[in-house]
Amino acid sequence: MHPVELSSPLLRLDQPRPDDAQRVFEYCQDQVMPQYLARLPWPYRLEDATGFISGYVPSAWANDQECTWAVRGSAAPELLGVISLSVPAGDAAERAGSIGFWLGAAHRGRGMMVEAQRLVLDWGFSTGLCDSVHWECVAGNLASARAARKAGFRYTGQGPAGIAYRDGTHPPSWKGALRAADDRTPPAGWPAEVVGA
Ligand SMILES: CC(C)(COP(=O)(O)OP(=O)(O)OC[C@H]1O[C@@H](n2cnc3c(N)ncnc32)[C@H](O)[C@@H]1OP(=O)(O)O)[C@@H](O)C(=O)NCCC(=O)NCCS
């Protein structure tokens, strides 16, 4: 698949570029990143950012494995975060993708990841790439769960993480799902601490 660009009045999602590597490196020094991102190398080095941008991202697009975007504001080129949609195998009966995301600490708290998810989900469903999308986070990651709920994900329960973390464990995780035809209104059924006051 060739990378595609997605945009709204608020955001532009495009390809991470070599000159984004320094930003990715800086954002990924944040201690919550290794806690919540299963596959993030740790300690995170500048070479990890360079390899992600120049190696992993283009090859995962080309191999139809995972679509990854840089999240940017519509008016400025600075990379704010990353969002990705893993692509289900072509012959699966139910084409169930999986979404992942992060923002640099300075850019959180403005609802941008709800909007970025909307763009990616609309694209994944409208192109027929996915029939449903799965989301999960380490249990207790309220920011991720709240962003997923606001994007319309239905809570499907707690269980071991679907993929192994860097220490080989599958920590208890909150899970959610969204189908193409679902109403995106934040659904009932999430843990009370996620819904908040
Ligand atoms: C997950 C993430 C992308 C969400 O970013 P965002 O869209 O800016 O979301 P916000 O920071 O606006 O937070 C969303 C909600 O969580 C709440 N929240 C944020 N940080 C929180 C924290 N540390 N503890 C409790 N609640 C928190 C916010 O108040 C907000 O709630 P509201 O919408 O009801 O007001 C961002 O927090 C992040 O990058 N975290 C680190 C990486 C990560 O965990 N990625 C997800 C892995 S599954």
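Filter the GluC sites (Glu not before Pro) in the stretch 1-86 down to the DSSP loop ones having no more than 15 other Cβ atoms within 10 Å, then list what survives.
Details: sites: 5, 26, 47, 66, 78; in loops: 5, 78.
Passing both the DSSP loop test and the Cβ count: 5, 78.
A DSSP coil position with no more than 14 other Cβ atoms inside 10 Å describes the following trypsin sites (Lys or Arg not before Pro) in the stretch 58-153: 110.
Of all the options 59, 144, 84, the one that moves most in a Gaussian network model of the chain with Cα springs shorter than 10 angstrom is 59. Translational diffusion coefficient of the stretch 6-195 (Stokes-Einstein, Kirkwood radius from Cα pairs, 4 °C, 1.567 mPa s): 77 µm²/s. Springs between Cα atoms under 10 Å define the GNM used for the chain, and in it the highest mean-square fluctuation of 186, 88, 18 occurs at 18. Rounded to the nearest whole Hz, the Karplus-based 3J(HN,Hα) values (6.51 cos²θ - 1.76 cosθ + 1.60, θ = phi - 60°) of the stretch 146-158 follow the sequence 5, 5, 5, 4, 5, 7, x, 5, 8, 6, 10, x, 10, with x at glycine and proline. Solvent-accessible area per residue in the stretch 6-195 equals 46 Å², computed with a 1.4 angstrom probe and all protein chains kept. Work out the P(r) tail for the stretch 1-41: percent of alpha carbon pairs separated by more than 16 Å, whole number. Here the tail beyond 16 Å accounts for 57 percent of pairs.
Given R0 = 30 Å, the distance between the Cβ atoms of residue 35 and residue 181 translates into a calculated FRET efficiency of 0.30.
Can you give me the % of accessible surface on the stretch 128-181 that is carbon or sulfur? Probe 1.4 Å, all protein chains present, nothing else counted.
On the way: 1320 of 2360 Å².
Answer for the stretch 128-181: carbon and sulfur cover 56 percent of the accessible area.
A straight line joining the Cα centroids of the stretch 1-35 and the stretch 108-173 runs 17 Å.
For the chain, the 222 nm mean residue ellipticity estimated from helices alone, with every DSSP H stretch of n ≥ 4 adding -39500 (n - 2.57) and the total spread over all residues, rounds to -7000 deg cm²/dmol.
The values are calculated or read from the model by the stated rules, or taken from the named source; none is laboratory data. Here the structure is a predicted model, which means the values were calculated and not measured. Glycine also receives a Cβ, built like all others from the backbone with ideal geometry; neighbour counts cover every protein chain displayed. Protein only, heavy atoms only, side chains kept; ligands, DNA and RNA dropped before computing areas. Shrake-Rupley method; radii C 1.70, N 1.55, O 1.52, S 1.80 Å.
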